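Visitor: First, the structure itself, so that you have it in front of you.
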Amino acid sequence: MLIYGDPLLCASNGDRYYISFIDAFSKYTWLYLLNHKSQAIAAFYVLKHFSEKQTGYTLKSIQSDNAKEFLTLQTYFKENGINHVLICPYTHEQNCDIERKHRHITEMGLTILAAASLPIKFWGESFVTAIHVINTLPTPILQNKSPHEILFKEKPDYTRFKAFGCACYPLLRPYNKHKLEFRSACCLFLGYSLNSRGYICLSPEGKTYVSRHVVFNENVFPYSTPNNVFKTYNNQSENPPHNTTQLTILKSAFNPTITMPNSDTDYVTDTDTAPPTSIVNDDNCSETLDDISQNNDNNHLENSNSHPMVTRAKASIFKPKLYNSVTSTFSYEPSTIKEALASSSWFQAMQQDLDPHVTSTWCNYSRLQMDF
């Protein structure tokens, strides 16, 4: 078993590594895509249970390099009686079978990508497809038999082979929202489903369909065509356009004349090529730029919200704004005592502040007289 990948090179589904297992007798290869190297242990458990159930043979020995992901399984190997063979440090030639298989997978996967003019982000799908092809093709090492035939005692089905990355048209009627939608659309063929007898098709919108009813055009590769809808959609999704509110000037049926001040020659241009100072129409009525900008400020909400969702603002439903703020009832603040006494509001406020103090003073004075 071997782990390979690049942490900086992310596949379309988010995976960065893959782990491969090869059967020493039949040369059959299993490949699992990993997001992190720590998932290698879980992949080994899946392989062990799947291979033992499907083939009827128990795992007796396994060989790997000195990677830490494999060394953590030493206890598990001892408990289950599995012989773990390690190669000498920095001696990859002792792990020759899996190293050559890794080179075979990489070269075939990159060749598939280059033939279909696909970007490198589809390396995960191409490597899985390469493994499927390698396991089903006959090889002279096995007396012109395929690894699938040696391991599972049955001949593989070659009628399902299609050109990777070609144009395909799956049946989309079960996914349509209404009856007038197209029953099929041009998609990208990205391999074979591992859990069903279906093909994996990628739409330009980024949706993945697994369907058995697919029509292929193996002579057309969407990524190699000049008008590539997949590249256009990817560029729009990665760099979405910014919604900017611009000054909108309605054009009349004729070309308006723009008069430039302080010039000896009159220029006749389009409104899109120069900033107009005044627009002269048939009725000799001029609309200045300030009036146009004021009208656009009033209609700012309609111009800025271009999405199809009907909001309360588009339906002219507004709630009154309530401000929780305390404002003073006095229009000014006096600077002297004379100005404060001259104002009735300030005099009333002073009187309200002094009344409690005067009442308490007289009460205290009466209590002192009673004590004496």
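Visitor: Residues of region 76-117 being out of contact with any strand residue (DSSP E or B) (no Cβ under 9 Å at 6 or more places or on another chain) and among the basic types (Lys, Arg), which ones?
Guide: Within region 76-117, Arg100, Arg103 meet the criteria.
Visitor: Just the residues that are closer than 17 Å to Phe122 by Cα and at pLDDT 80 or above, please, taken from region 211-236.
Guide: Phe221, Pro222, Tyr223, Ser224
Visitor: Residue by residue through region 182-235, note down the ones that are more than 20 Å from Tyr158 (Cβ to Cβ) and hydrophobic (A, V, I, L, M, F, W, C).
Guide: Passing the criteria: Phe182, Ala185, Cys186, Cys187, Leu188, Cys201, Leu202, Val210, Val220, Phe221, Val229, Phe230.
Visitor: Give the residues of region 81-110 that are part of a helix (DSSP H, G or I) and more than 21 Å from Tyr32 (Cα to Cα), sorted by residue number.
Guide: Hits for region 81-110 are His92, Glu93, Gln94.
Visitor: Please find, among Ala67, Ala11, the residue that is touching a residue at least 60 places away in the same chain (Cβ under 8 Å), of a type in the set (A, V, I, L, M, F, W, C) and surrounded by fewer than 16 Cβ atoms within 10 Å (Cβ to Cβ).
Guide: Answer to the selection: Ala67.
Visitor: Another one. Answer yes or no as to whether Thr72 is more than 34 Å from the chain's Cα centre (by Cα), exposed (fewer than 15 other Cβ atoms within 10 Å of the Cβ), more than 25 Å from Pro138 (Cα to Cα) and free of Cβ contacts under 8 Å to residues at least 12 places away in the same chain.
Guide: When the stated conditions are applied, Thr72 does not pass them.
Visitor: Looking only at residues in region 44-66 that are outside any helix (DSSP H, G or I) and touching a helix residue (DSSP H, G or I) at 6+ places or on another chain (Cβ under 8 Å), which one is farthest from Phe25 (Cα to Cα)?
Guide: Filtering first and then ranking leaves Asp65.
Visitor: Just the residues that are surrounded by 16 or more Cβ atoms within 10 Å (Cβ to Cβ) and in a loop (DSSP other than H, G, I, E, B), please, taken from region 154-178.
Guide: Residues satisfying the conditions are Pro156, Lys162, Ala163, Phe164, Gly165, Cys166, Leu172.
Visitor: Return the residue satisfying two criteria in turn: it lies in region 14-53 and is small (Gly, Ala, Ser) and surrounded by fewer than 19 Cβ atoms within 10 Å (Cβ to Cβ), and of such residues it is nearest to the chain's Cα centre (by Cα).
Guide: Ranking the candidates gives Gly14 first.
Visitor: Go through region 195-208 and give me each residue that's farther than 15 Å from Lys162 by Cβ and either touching a residue at least 40 places away in the same chain (Cβ under 8 Å) or surrounded by 13 or more Cβ atoms within 10 Å (Cβ to Cβ) (or both).
Guide: Ser203, Pro204, Thr208 - these are the residues of region 195-208 that are farther than 15 Å from Lys162 by Cβ and either touching a residue at least 40 places away in the same chain (Cβ under 8 Å) or surrounded by 13 or more Cβ atoms within 10 Å (Cβ to Cβ) (or both).
The values are calculated or read from the model by the stated rules, or taken from the named source; none is laboratory data. Being a predicted model, the structure only gives us computed values, none of them experimental. We place every Cβ from the backbone using ideal geometry, glycine too, and count neighbours over all the protein chains shown.
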